[in-house]
Amino acid sequence: MDLKQKVDALILDGKSDQEIAEKIVSEESAAKLSATEVADLVSQRKSAKEVSELLSAKQSQKEALEAKKAQEVEAQEQVKELVAKELKSIQINPSFSKSDSKITRRWDHSQKKFYGVDDVNFSEGYKVFNDLIHAMANRDVVRCKSISDEIAQDNKNLDTKATARSDSDAVGGYAIPTEVEGVINQLTYAESVMLPKVNTNVVIMEDKIYPTIGDTTMNWIADQDTAATESNPTFSNPTIAMKRAGLFTRVSNTLMRQKGADLTNAFMTSYASARARFLDGQLTIGNSTGNSDLLDGLVWLGTQETTPVALSSLSVTQLTLMDESIDNEVDRSRLAWIGNTKVRNELGALEHTGGAPIFPQFFSGGTFNPLGYEYIRNDKITNVLDVGGDDSTGGTDTALLLVDLSKFVVGIDNGFRIDLSTEESFTKDQTTFRGIERMGWQVLFSNICRVQELTGA
């Protein structure tokens, strides 16, 4: 044992400074040390001992503090669990970031009965929206607002490029998860005959301007001393004015009371179907003058042929006139006829002078493309139009359109909201869901759509 260790042992034994000095001086290994060196050695070892004790005390204090914090956290978690358990016992969800209800049953419209589903097939956003509908059905406004805020935040996190809407306060209602909105859009495109064909664009602000340049001219230059012919192109600024549109769909209260019912699916399919019907009608025969719609459809945005034709007298002559009179800058690969079934059947039954069908493929179920352009059958174009009188009702007309769909732009707001009422269909024991969004449309040039008024429809 060296002198340092012997000094440490004496200190631990509680010996006084004098006792330690006497013991060290008597050691053979300290014979060459002076009295000052012995005193310094004892002093150093005592200081080291005090520092060690202080460090040990601080470590013990730190460990005690950490243990206390851990106990507090554990106590808080226990309180949260107790509160959550108590809230759930009165049907209040303490956290809206996760869905608290399983989806176990889905309504089959074809079989008119429920069937079981596996909950793991549904995403968290899908289930959270299901919770929102249940909360709306139970008139739990506080819970609805909390879930809606959570959905809105999730939507914002998913879309880092999202721009704040300028009319968000005016829209009201509750937010829809991005995923659910995407499925509704997909279903709408699947059911609509118009939306998949037109040029769609997302418009977030109030409206959008599409600057366009009219025709310019090019001419020969005779020689080096001749200036190029000056051309002043015409600039136009067609604007899509975004308007609010709303629709509603009813859901049976019996369905809504079913435990584990998939209300999200019922809402999505009903909403998408109504939305597709609305767009197919408004994009073609929406009428702001006679019917007080907010936007005109293609029948009134297009250029009407000067002479109405009786439906029964419709011939290839009218088709060729429309084709020849449409703007020569159209994209002919995007030209399409639009009309209802009655007009389609009239065209399909056209015959040559000798009685042979002009469009034989019409009767054999083949592709029906008069003059090489697709025919879009849209039965939302009614037979009670008054085309010349600028009214979508009260007449006996229908219409046939030839349109360059690449230059017909439809703006759709990227996001819509819903609300609920149990009063609109109270006597039918149904709950009404209302959806509100913004949309608008415009043709980029006036003569990219030709309209043939067909009387006696």
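The values are calculated or read from the model by the stated rules, or taken from the named source; none is laboratory data. Predicted, not measured: the structure shown is a model, and the values here were computed from it. A quick note on method: Cβ atoms are made from the backbone with ideal geometry, for glycine too, and the neighbour counts reach across all protein chains shown.
Pairing each residue of segment 361-376 that is free of Cβ contacts under 8 Å to residues at least 40 places away in the same chain and exposed (fewer than 12 other Cβ atoms within 10 Å of the Cβ) with any residue that is of a type in the set (A, V, I, L, M) and in a loop (DSSP other than H, G, I, E, B), provided the two are 6+ apart or on different chains, yields C-beta distances under 9 Å for Phe363/Ala349.
For segment 338-358, the set of residues classified as touching a helix residue (DSSP H, G or I) at 6+ places or on another chain (Cβ under 9 Å) and surrounded by fewer than 19 Cβ atoms within 10 Å (Cβ to Cβ) consists of Lys342, Asn345, Gly348, Ala349, Leu350, Pro357, Ile358, listed by residue number. Note down all Cβ pairs under 7 Å where the first residue falls in segment 435-452 and is in a strand (DSSP E or B), the second is of a type in the set (Asp, Glu) and crowded, with 18+ Cβ neighbours inside 10 Å, and they're at least six residues apart or on different chains. The qualifying pairs are Glu437/Asp413; Arg438/Asp413; Met439/Asp413; Arg450/Glu305; Val451/Glu305; Gln452/Glu305.
If you filter segment 297-325 down to residues that are touching a helix residue (DSSP H, G or I) at 6+ places or on another chain (Cβ under 9 Å) and among the acidic types (Asp, Glu), you find that the one that is modelled with the lowest pLDDT is Glu305. If you filter segment 271-296 down to residues that are under 24 Å from Tyr126 (Cβ atoms) and buried (at least 20 other Cβ atoms within 10 Å of the Cβ), you find that the one that is modelled with the lowest pLDDT is Tyr271. Take the conditions (1) of a type in the set (A, V, I, L, M); (2) assigned by TED's automatic domain parsing to the domain that holds Phe368; (3) assigned to a helix (DSSP H, G or I); Leu294 misses just one of them, which is (3). Number of residues in segment 349-388 that are within 20 Å of Asn447 (Cα to Cα) and in a loop (DSSP other than H, G, I, E, B): the value is 3.
Restricting the search to segment 337-354, which residues are more than 12 Å from Val316 (Cα to Cα) and charged (D, E, K, R)? Once the filter is applied, which keeps residues that are more than 12 Å from Val316 (Cα to Cα) and charged (D, E, K, R), segment 337-354 yields Lys342, Arg344. In segment 174-196, the residues that are at pLDDT below 80 reach residues that are hydrophobic (A, V, I, L, M, F, W, C) and surrounded by fewer than 20 Cβ atoms within 10 Å (Cβ to Cβ) with C-beta atoms within less than 7 angstrom, at least six apart or across chains, in these pairs: Ala175/Ala152; Thr178/Leu158. Is there a residue in segment 109-126 that is modelled with pLDDT of 60 or more, more than 30 Å from Asp331 (Cβ to Cβ), among the hydrophobic types (A, V, I, L, M, F, W, C) and in contact with a strand residue (DSSP E or B) (Cβ under 6 Å, 6 or more places away or on another chain)? Yes, segment 109-126 has at least one match. Considering (1) at pLDDT 95 or above; (2) under 40 Å from the mean Cα position of the chain (by Cα), the lone condition that Glu329 does not fulfil carries the number (1). Summed over segment 428-444, the residues that are within 19 Å of the chain's Cα centre (by Cα) and surrounded by fewer than 19 Cβ atoms within 10 Å (Cβ to Cβ) give a count of 2.
Out of curiosity, is Asp379 among the charged types (D, E, K, R), in contact with a Gly (Cβ under 6 Å, 6 or more places away or on another chain) and surrounded by fewer than 18 Cβ atoms within 10 Å (Cβ to Cβ)? Answer is no for this residue. Figure legend. Inter-residue proximity from segment 331-350: first residues among the hydroxyl-bearing types (Ser, Thr, Tyr), second residues surrounded by fewer than 20 Cβ atoms within 10 Å (Cβ to Cβ), beta-carbon distance below 7 Å, spacing 6+ or different chains. Indicated pairs: Thr341/Arg377; Thr341/Asp379.
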